[in-house]
1. For Leu440 paired with Thr212, estimate the spin-label separation in nm (one decimal), with each label point 7 Å from Cα along the Cα-to-Cβ line.
2. Starting from the Cα of Ala357, step 7 Å toward the Cβ, then list every residue of the stretch 416-434 with an amide N under 18 Å from that point.
3. With a cut-off of at most 15 other beta carbons within 10 Å, and DSSP calling the residue loop, which GluC sites (Glu not before Pro) in the stretch 390-484 qualify? Please list them.
4. Taking 7 Å along the Cα-to-C-beta vector as the label spot, tell me the Ser241-Ile288 distance in nanometres, rounded to one decimal.
5. Using a Förster radius of 22 Å, what is the FRET efficiency between Ser50 and Phe367 based on their Cβ-Cβ separation? Nearest 0.05, please.
6. State whether the stretch 311-356 is rounded, prolate or oblate according to the following rule on the C-alpha gyration tensor (a ≥ b ≥ c being the square roots of its eigenvalues): a/c under 1.5 gives rounded; otherwise a/b larger than b/c gives prolate, and the remaining case gives oblate.
7. Which length gain, in nm to one decimal place, applies between Met257 and Asp407 when the Cα-Cα distance is subtracted from 0.36 nm times their residue separation?
8. Work out, step by step, the length gained on full extension between Arg249 and Ser302: first 0.36 nm times the residue separation, then minus their alpha carbon distance; give nm to one decimal.
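Any read-out appearing in this document is the output of simple, stated calculations on the displayed coordinates, not a laboratory observation. Only a predicted model underlies this, so the values are computations on that prediction, with no experimental measurement involved. Here the Cβ positions follow ideal geometry from the backbone for every residue, glycine too, while neighbour counts run over all protein chains shown.
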Amino acid sequence: MLISTSHQSIPPLYMSTDGSTFVSQPHKEEISSTLGAEDAEPETKPTVFSSTFQEAVFIFIIGLSQLFSVGGLGNVAYSMEQISASLGTNGNGQRSWFLASYSLCAGVFVLVAGRLGDHFGHKYVFLVGWIWMAIWSLVCGFAQNVILFDIARGMMGIGNGALAPNSFALLARAFPPLSVKKNIAFAFLGFCAPSGYIFGGLIGAGFGEKVTWRWGFWFWAIGCLILSLATFVVVPHRIGSPIPGLSLRQFDYIGSMLGMSALILFSFAWNQASVVGWQEPYTYALLIVSVFLIVGFIFSQSHVSAPVLPNSLWVRPGFAPVIIAMAFGWMSFGIFLYYTTVYILTINKTQPLAAVAQMVPLVIGGFFATMAVGLFIAKTPAQYIFSVSMFSFFIGNLLMSFVNYSDVYWAFIFPACLFVVGGPDLSFASSGILITNVVLPEEQGVAGSFISTVVQYSISIGLGIAATVESHVNEGGQNPIRGYRGAFWLGIGFAAVGFFIVIFFVRDHRFGSKAQDQPSTEVMSEVADP
């Protein structure tokens with residue numbers, strides 16, 4: 001999904017480079033390369049490619065990383081009935097883990113993956129992401145019980161977390177800003193995101209319906225291995241090499257461990273509570289431990305030289321409201337994706353491949369949303385676009401909450417899928433503008449990575465809370481439609497909270513009284529989501 005932010009000055013270009021942190025104040029040569037100055041380092045110029053063909057294949061491979069990342073959700077969503085039957089599990093509380101574990105580990109690992117790319121080279125962390133995802137896709141295909149399957153899904157998510165920020169960094173370092181090729185590359189990366197859910201769905205549904213769901217994961221593993229080989233051959237070392245001057249002594253080991261542990265335990269408690277209930281002592285015990293770890297993480301970020309998430313970000317005007325609104329919006333979107341798919345498969349008794357076809361409007365709507373971003377983002381205050389994105393999340397869940405009143409596909413499912421996808425596309429674009437205009441230049445990269453973390457992690461948390469609500473209102477499983485409606489209404493509530501946060505607390509400073517005196521806030525760059 002495409003972020004179009006603005007381009008006239010240094011600060012936003014930090015964001016466009018990555019979603020990681022490879023542009024930092026101490027490295028003037030990197031800043032020069034980002035700005036495309038005449039004395040820029042040659043490693044960031046398109047001349048690193050031996051031919052136009054290599055350049056095109058490079059863009060294609062990086063784009064496919066987004067297709068496979070989001071496709072990892074669709075692959076399971078459309079074959080969950082077959083997976084559940086094979087592994088002997090039932091109930092949406094247990095099945096929601098199939099998606100939640102993947103998003104959880106992806107969101108947690110994104111927090112540090114960009115930093116690892118800085119130290120070890122974006123190309124090589126990107127390459128490891130492909131191989132890691134391939135290995136654990138194989139394990140998923142051979143899993144004989146739900147515990148191993150859920151663990152393997154989480155490990156796949158780590159591969160996803162390695163791909164996302166480093167794909168952004170590779171594209172940003174390969175082409176100078178404002179170039180047509182760079183715009184095309186990020187547009188393709190953005191379009192691959194909403195398309196990925198449908199692509200993954202086709203793979204999962206096709207094998208699940210015609211052969212066995214296991215082949216969906218084995219196919220995924222083969223594809224990842226092929227793309228890892230292509231990455232090694234096609235991606236030039238010069239644009240994927242480590243950032244000069246960095247030392248592993250600067251890496252925030254303590255903060256990374258505390259942050260990752262806190263996020264994992266917090267999400268695990270909410271998702272597991274939907275399976276075993278809050279009456280189990282370990283669920284609320286883990287929740288309490290996660291809160292203490294979060295406090296420890298916040299404390300640690302004030303006592304290290306290169307924090308993984310600087311506390312200073314939270315005092316930037318408007319940063320916290322944008323992040324909170326994104327969290328609520330994407331919790332709503334995760335609920336929509338999962339429960340819409342489940343409704344089509346279980347209530348409408350639609351075959352998996354036909355179910356994929358019914359959600360193709362996600363791709364259509366995503367295409368038009370991406371076009372709208374390019375047309376309006378530079379001329380319209382970002383808070384308006386951000387509010388429209390929250391309303392898109394809202395209207396999608398609202399339409400699906402009434403879906404049982406009509407068996408006609410065109411009445412609710414089609415418009416819900418068509419309109420809801422405006423949420424992810426527009427929220428990424430507008431949040432990118434808003435964030436880059438309030439944080440300092442050296443904070444741009446980590447702020448970009450944190451947005452990706454919020455997106456992935458919110459999907460996991462939203463599914464956990466929704467499954468808990470569903471299990472409490474579906475009358476012991478006797479009224480599944482009521483349970484699904486409860487989940488959709490939770491999604492409606494999340495989107496409404498995000499909408500009101502944007503309305504009352506978010507402002508685009510590009511259009512303030514001093515906008516004309518601050519050309520740095522009118523910069524345009526492109527960033528794609530995880």
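1. Output for this residue pair reads 5.7 nm.
2. The answer is 417-418.
3. Glu475
4. Here the answer is 5.3 nm between the modelled labels.
5. 0.10
6. Because a/c hits 1.5 or more and a/b exceeds b/c, the stretch 311-356 counts as prolate.
7. This chain segment gains 49.1 nm when fully extended.
8. Full-extension gain reported as 17.4 nm.
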